[in-house]
Each structure stands twice: as structure tokens, then as C-alpha cells.
Amino acid sequence: MAGAEIASYLNALGRSLEAATPAAKAAALAGLVAPADGAAWPMPELPRRPGRAAALREAISPPRRRRTLAHAGTRNRFLLAIHHIELSAIDLAVVACLRGSGLPRAFHEDFLGIARDEARHAALLEELLAGRGIAPGDEPVHFRLWESTLACRDLGEHLVVVPRVLEARGLDVAAELLPRLHELDPDAHQVLSVIYQDEIGHVAIGTRWQQWWCVSQGREPLGHFAAVLARHFPGQHPWPTPLDLYGRRQAGFSASELELLGGGIGV
Ligand SMILES: [Fe+2]
Ligand SMILES: [Fe+2]
């Protein structure tokens, strides 16, 4: 790939990070062609915060755990929080592409695909919430996902932290909530079911490329996974939500990894 083509690839990724809405982030990536195998560049500096609408206020207090979804107001606040998670997930997939210097084209195609899925997820939630008279910006948002990504020192850490911990935890939460949501809020259930299925694919992509990255670096994947967990999530496993063994196995988690995460006996 010629230098000009790499520059235009990096430029489009940067514009997506700066864009404020899912639609604008997706538009920056529309028609973008993944770089050739092995195309390389120096890692650009990441912004302190990705682009967001001016109306979006940053939350100061830590997020509350909202698992009592019997009240419509609580449910809608939860859906707003998921909307910002999906918006952030676009940014995180774009950062994976930026960190993918020297990787095969297939890596970039996978993560551009994730970014586009996340934009679609955010749009589905926006539409659902708009029908209820709620818009992004009605609640303050957290940037913990972005902060976790900034804390990664290389692509290998990113592949564990983002798809294999944060997105995989999303599977755990979804698996716990979806059965309850079915009766309480069928429309939300439908949207979150679509997201859940797609997210299994995202975690699987993370598993595949973490293994590829470890082989390319002469690292042993399970040891690498354990080391990144210990560095970025000390004392956080097992975490309070039960592991979604069905989804995690589909996404390529091994028995040893599930055991490491506190999946318990018989995993
Ligand atoms: Fe998503
Ligand atoms: Fe995802």
C-alpha cells in the first residue's frame, strides 16, 4: 500500500474518532478500504476524549449498578447507558485498527466490520429511545471504556482488554438480563438480542486475533491473557455477574481461560 493510501486510511479513522454521533462515525468509515497485508505506520496520538455531541455531559460519580429493570424509567436509563457503550465501542474498534500497524488486511476488515456493527447497534438504541421521547444527552455518560483503551500499551493488551474482557462482560450482562427483559420490555429485548448475537462475533474476533498476535510475538496465549488480566483488572475476577458460558464458549474461550476467570468447577 502506498504511503498516500495509508495516510488516507489513518485520516478516515481519525475523522471517525472525532465525529460526534454513530451516524457521523459510520459515515467517516463508509467505503473505507482496509490496508494491504503488513502495511505499517507509527501509532498516532489518541485524543483525551473521542468526539461527542456538545449536549453529552460527562458523569463525575461512578456508575450505579442498575439491575432492577421493573420500572420503565430505570430501564430507559439503562438503555441510554448501553447506547453510550455502543457509541464508545465504535471508537474502540477504530483504535484497534490504528494499533494494527503491520497486521494482515483481514484484521482491519474484521475491526472495521465491528465498528460498523457498533454504529448499527447505537442507531437501533437511538431509534428505540427516540420512540420513548428520550435522546442521548439526557443522562451523563462515562468514559471508562475509552480510559481502559488508552491504558493499553500495545495491540496485544487491547485485544484482551476490549473484546475479551469488556465486550465479553457485555455477554455476561446480556445473558443475565435478556430472559427478564422478554416480558418487561419486548422492544428492548428484541434490540438487545440482536446486539448479543453480534457481540459473540466480536468477542470471537478478539479471541482469534489475540491468538494470532501471541504467535507473531512468540507469546503463549493463555499466559498473555492471564498477564493482561492481572495488569488491567487486578482483583476483579470472579466478577459479580455469572459468566455467560454459552456465549463465551462460542466466542472461543477455552476451559482454562474460563477457569481463570472464576467460572468454577465443571467449566
Ligand atoms: Fe455492540
Ligand atoms: Fe462489540
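Note down the magnitude of the dipole of the range 110-267 about its Cα centre, charges +1 on Lys and Arg C-beta and -1 on Asp and Glu C-beta and zero elsewhere, to the nearest 20 debye.
520 debye
Mean residue ellipticity at 222 nm from the helices of the chain, using -39,500 (n - 2.57) per DSSP H segment of n ≥ 4 over the full residue count, to the nearest 500 deg cm²/dmol? Spell out each step's value before the answer.
Values: 11 runs with 162 residues, N = 267.
Theoretical 222 nm ellipticity from helices: -20000 deg cm²/dmol.
Relative to the Cα centre, what is the charge dipole magnitude of the chain, using +1 at the beta carbon of each Lys and Arg, -1 at the beta carbon of each Asp and Glu, and rounding to the nearest 20 debye?
Details: 27 positive and 30 negative charges, 113 e Å.
Charge dipole, the chain, about its Cα centre: 540 debye, nearest 20.
Averaged over all directions, how much area does the convex hull of the C-alpha atoms of the chain cover when projected, in nm²?
Details: hull surface 55.9 nm².
Its Cα hull, projected and averaged over all orientations, spans 14.0 nm².
When only C-alpha pairs under 8 Å and at least 6 residues apart count, what is the relative contact order of the chain, in percent?
On the way: 316 pairs, mean separation 48.2, N = 267.
So the answer I get is 18 percent.
Based only on the alpha carbon positions, what is the Kirkwood hydrodynamic radius of the range 195-246, in angstrom? Don't skip to the answer; put the middle values down first.
Details: mean 1/r = 0.0790 Å⁻¹.
So the Kirkwood estimate lands at 12.7 Å.
Amide H to amide H under 5 Å from residue 141: which residues, 5+ apart in sequence or cross-chain, H placed 1.01 Å off N in plane?
It is 57, 58, 59, by chain and number.
Per 5 Å bin, what percent of the C-alpha pairs of the range 114-267 does each bin hold, from zero upward?
Percent of pairs per bin, in order: 2, 8, 16, 20, 21, 14, 10, 6, 3, 1, 0.
Arranged from highest to lowest average of other beta-carbon atoms within 10 Å per residue, in what order do the peptides 2-8, 150-156 appear? Walk me through the intermediate numbers first.
Details: 2-8: 11.6, 150-156: 16.1.
Descending mean neighbour count gives 150-156, 2-8.
How far is it, in nm, from the label point at residue 109 to the one at residue 135 when both lie 7 Å from their Cα along the line to the Cβ?
3.9 nm
Provide the packing ranking of 68-74, 239-245, i.e. peptides ordered by the mean count of other C-beta atoms within 10 Å per residue, highest first.
Values: 68-74: 11.4, 239-245: 16.6.
The peptides rank, most packed first, as 239-245, 68-74.
In nanometres, what is the gap between the two model label sites at residue 184 and residue 23, each 7 Å from Cα along Cα-to-Cβ?
Label at residue 184, label at residue 23, 3.0 nm between them.
As I understand it, the dipole of the range 33-180 uses +1 on the Cβ of Lys and Arg and -1 on the Cβ of Asp and Glu, about the Cα centre. Which of 36, 93, 150 lies farthest toward its positive end?
Looking along the dipole axis, the top candidate is 150.
Loop-only check: which trypsin sites (Lys or Arg not before Pro) in the range 1-73 are DSSP coil with at most 14 other Cβ within 10 angstrom? Kindly include the intermediate steps, with their values, before the conclusion.
Values: sites: 15, 25, 48, 52, 57, 64, 65, 66, 67; in loops: 48, 52, 57, 64, 65, 66, 67.
When the trypsin sites (Lys or Arg not before Pro) of the range 1-73 are filtered for loop state and at most 14 Cβ neighbours within 10 Å, 48, 57, 64, 65, 66, 67 remain.
Taking R0 as 51 Å, what FRET efficiency do you get between residue 11 and residue 68 from their Cβ-Cβ distance, rounded to the nearest 0.05? Kindly include the intermediate steps, with their values, before the conclusion.
On the way: r = 45 Å, r/R0 = 0.89.
Result of the calculation: an efficiency of 0.65.
What ³J(HN,Hα) values, in whole Hz, does the Karplus curve 6.51 cos²θ - 1.76 cosθ + 1.60 give for the range 246-253 when θ = phi - 60°, with x put for Gly and Pro?
Values, residue by residue: 4, x, 5, 5, 4, 8, x, 5 Hz.
State the answer as a single residue: which of 123, 140, 27 lies farthest towards the positive end of the charge dipole of the chain, with beta carbon charges of +1 for Lys and Arg and -1 for Asp and Glu, about the Cα centre.
Comparing the listed Cα positions along the dipole, 140 ranks first.
Suppose the chain between residue 2 and residue 237 were pulled fully straight at 0.36 nm per residue; how much longer would it get relative to their current alpha carbon spacing?
Values: separation 235, 0.36 × 235 = 84.60 nm, distance 4.48 nm.
The residue 2-residue 237 span can extend by a further 80.1 nm.
Since every read-out is calculated from the coordinates, none of them should be taken as a lab result. Quick caveat: nothing in here was measured; it's all calculated off a predicted structure. Because the Cβ atoms are built from the backbone with ideal geometry, glycine has one as well, and the counts that use them run over all protein chains shown.
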